[in-house]
Amino acid sequence: MNMTIRILLLLAITVCITVAQRPISQRCICRKVRVKNFGLKSVEDVQIVPPSPTCDRMEIIVSLKNGMRYCLDPKIKIVQSLLNSLMNKSVPTAVPSPTNAIPSDN
C-alpha cells in the first residue's frame with residue numbers, strides 16, 4: 001500500500017473510534033414540546049424527568065385525562081405556573097396510627 005493511503009486509513013479509523021466513544025447526549029424522551037395551552041383540569045399526571053447522562057435537559061411529560069401525552073417546555077411561564085400549582089396542591093396522606101398499625105391479640 002502507498003504511504004498516503006495508509007495515513008488516510010489510519011486517520012479514518014481514528015475519527016470513527018473518536019465518534020463512537022463520544023457520549024450521546026440527545027437521547028431524550030421528548031423530541032418536540034407542546035406550545036398550545038390546555039386546562040389544568042384536564043391534567044391527570046405530570047412526570048418530571050431530571051437531566052441525566054443520556055439527556056442534558058429537564059423534561060416535563062403531561063398525561064391528560066383523554067389519554068394524550070405531551071412534552072412541555074419548562075421555561076414557558078404557563079408550564080411553570082402549572083408546576084407551582086401542582087406543588088402547592090396538598091395531597092392528604094393516610095398514615096396509620098400506632099394503635100391501628102399492629103392488630104392486638106386481645
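The values are calculated or read from the model by the stated rules, or taken from the named source; none is laboratory data. Note that the structure is a prediction, hence the values are computed from the model and not measured. Note that we place each Cβ from the backbone using ideal geometry, even for glycine, and neighbour counts take in every protein chain shown.
How many residues are over 21 Å from residue 31 (Cβ atoms) and assigned to a helix (DSSP H, G or I) when one looks only at segment 44-81?
3
Six or more apart or on different chains, Cβ atoms under 6 Å: show the pairs whose first residue is in segment 41-52 and of a type in the set (Ser, Thr, Tyr) and whose second is at pLDDT 85 or above.
42/64; 42/65
Take residue 47 and decide whether it is modelled with pLDDT under 85 and of a type outside the set (Lys, Arg).
no
Which number in (1) loosely packed, with under 12 Cβ neighbours inside 10 Å; (2) modelled with pLDDT of 85 or more; (3) not aliphatic (A, V, I, L, M) marks the one condition that residue 73 misses?
(1)
Give segment 25-50 a look and list any residue that's within 23 Å of residue 88 (Cα to Cα) and either within 14 Å of the chain's Cα centre (by Cα) or among the β-branched types (Val, Ile, Thr) (or both), or say none.
43, 45, 46, 47, 48, 49, 50, listed by residue number.
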